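Taking it in order: structure first as C-alpha cells, then the write-up.
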Amino acid sequence: MKILITGALGQLGRDCTRVLQPAHTVTTLDLPELDIADASQVQQVMAQLRPDVVLNCAAYTRVDDCEEHRDDAMRVNATGPAVLAQAAEAGGARLIHISTDYVFDGQRPVPQPYTESDAPHPLSCYGQSKLAGEVAIAANCRRWAILRTAWLYGRHGGNFPKTMLRLALRQPERVLRVVNGQYGSPTWSWRLAEQLRTVIEADATGLFHATDEGYTTWYEFAARFLAAMHVPHNLQPCRNEEYPTRAVRPVNSILENAALKQAGLNSMRPWQDDLDEFVARHRAELLTECR
Ligand SMILES: NC(=O)c1ccc[n+]([C@@H]2O[C@H](COP(=O)([O-])OP(=O)(O)OC[C@H]3O[C@@H](n4cnc5c(N)ncnc54)[C@H](OP(=O)(O)O)[C@@H]3O)[C@@H](O)[C@H]2O)c1
C-alpha cells in the first residue's frame, strides 16, 4: 500500500514510519513541507503521491498551551483533519486519524471505562479541538478510522516518563510530587503503531479506542518506570488539587478497546508489559538523552 504519514516527525509518527516500512511504500511529511491545515498544500501533495492511506499523526499536543492558543489548536486539530478528510475523499484514499481520551469528562466512577458508544464531553480546549477533528472527518469522508489513545509515551520526542527521568537523574533527592488521583492507561507509541498497522492492513473503518490494557495513576506510572530504569528517586503521591494545571484533565481517562476487540483486531498489551519492554529496549538511550 502507498501510505502518507503526516506529522511524521512526532513521537507516534516516527514509530509508525518504522513499523510500516518496508512492508508498505511510506512517504513521511511534517512541517514545514506539509501543513495539514493548508488545503492547497495538502491537495498538491495528494495529487502528486496518490496514497491509498493517509495516516495523520500531526496534532497540536501541548494540552495546557491549547487554553491560551485556542485558534492554533483548532487550526491543527480540527481544520487539519477536515482538510485531510476532503482530500482523502477526493483522492479515493482512506484516512486514519488519532484522537484522545480527553474527549471525555472523566466523571464516571473509576475503574469503569469509556467505550466508543459513550458520549464525549471534553473539559479542555485540547479535548474540544480533538473532538471537532473527529466530527470533521466523519462529515467529510466515507472511508476513515479514528483511534483514540491516551497517555502516550515512546522513544522519540517529549513525554511524561522522560520528564520524570530527567528530574530524577538531575536531582535524585528532590521531592517530586506526582498526581495520584487521575486514572488512565499509559500507552507505548510503538504498540499503538503496530495496532495502526493492523487496522490499516485489515481495511477496518470506524471509531476505535486503542490504549494499552489496564490502568494506573500518573504517580504509579512514574514510580514503576523509574524502578524499572533502576534510577533512585524521591517521588511522592499528591492529590489532583495540589497540582493545578491550566487545562482541566479528566479524573477517569480509562478507555476500553471494545470496538477493536469486537472486530478481532485488538493487539494492545498490558501497560506494565509494554513499559517493561520499552525500558528493556531503550534504557541506555534514555539515560544518555535525559542525563
Ligand atoms: N501525547 C499524548 O499523550 C497523546 C495522548 C492521546 C492522544 N494523542 C494523540 O496522538 C497523536 C500523536 O501524538 P504525538 O504524541 O506523536 O504528538 P507530537 O509528538 O506532538 O507530534 C505531532 C507532530 O505534528 C506536527 N505538527 C504540528 N502542527 C502541524 C501541522 N499544522 N501540520 C503538520 N504537522 C504538524 C508536530 O510538529 P511540531 O513539533 O513542530 O509542532 C509534530 O511533529 C496526536 O493526534 C495526539 O493528539 C497523544
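Each value in this text was obtained by applying a stated rule to the coordinates, not by laboratory testing. Because the structure is a prediction, the values reported are computed rather than measured. Cβ placement follows ideal geometry from the backbone for every residue including glycine, while neighbour counts extend to all protein chains displayed.
Full extension of the segment from Gln236 to Asp71, taken as 0.36 nm per residue of separation minus the current Cα-Cα distance, would add 55.8 nm.
Placing a label point 7 Å from the Cα of Gln262 along the Cα-to-Cβ direction, the residues of the range 107-131 with a backbone N closer than 11 Å are 115-118. This model, with +1 at the C-beta of Lys and Arg and -1 at the C-beta of Asp and Glu, gives the range 133-291 a dipole about its Cα centre of some 460 debye. If you wrap the range 111-224 in the convex hull of its Cα atoms and look at it from every side, the mean projected area works out to 8.9 nm². Using the Stokes-Einstein relation with a Kirkwood hydrodynamic radius computed over Cα pairs, the translational diffusion coefficient of the chain at 20 °C and a viscosity of 1.002 mPa s comes to 111 µm²/s. Each residue of the range 63-68 is assigned a 3J(HN,Hα), and the resulting list reads 4, 5, 4, 4, 4, 8 Hz, derived from the Karplus form 6.51 cos²θ - 1.76 cosθ + 1.60 (θ = phi - 60°), x at Gly and Pro. Taking the chain, the Cys residues with no second Cys beta-carbon under 4.7 angstrom are Cys16, Cys57, Cys141, Cys238, Cys290. Label sites at Arg174 and Thr245, each approximated as a point 7 angstrom past Cα along Cα to Cβ, lie 1.9 nm apart.
Taking a point 7 Å out from the Cα of Arg108 in the direction of its Cβ, the residues of the range 250-284 whose backbone N falls within less than 12 Å of it are 252-259. Ranked by the mean number of other Cβ atoms within 10 Å of their residues, highest first, the peptides 63-71, 79-87, 253-261 fall in the order 79-87, 253-261, 63-71. Considering all different alpha carbon pairs of the range 18-165, the Kirkwood hydrodynamic radius works out to 16.4 Å. Answer with one residue from Ala88, His121, Gln48: the one whose Cα lies farthest towards the positive end of the charge dipole of the range 1-122, charges on Cβ with Lys, Arg +1 and Asp, Glu -1. It is Gln48. Under a 5 Å amide H cut-off, with hydrogens placed 1.01 Å from N, Val178 pairs with Gln236, Cys238 among residues at least 5 apart or on other chains. Kirkwood analysis of the range 201-243, using all unique Cα-Cα pairs, places the hydrodynamic radius at 13.6 Å. Estimated purely from DSSP H runs of n ≥ 4, each contributing -39500 (n - 2.57), the mean residue ellipticity at 222 nm for the chain is -12500 deg cm²/dmol once divided by its residues. Comparing Cα centroids, the range 192-216 and the range 47-122 end up 14 angstrom apart. Computed about the Cα centre, the dipole magnitude for the chain is approximately 440 debye when only Lys and Arg (+1) and Asp and Glu (-1) carry charge, each at its Cβ. The length gained by stretching the chain between Leu31 and Asp118 to full extension, at 0.36 nm per residue less their Cα-Cα distance, is 27.9 nm.
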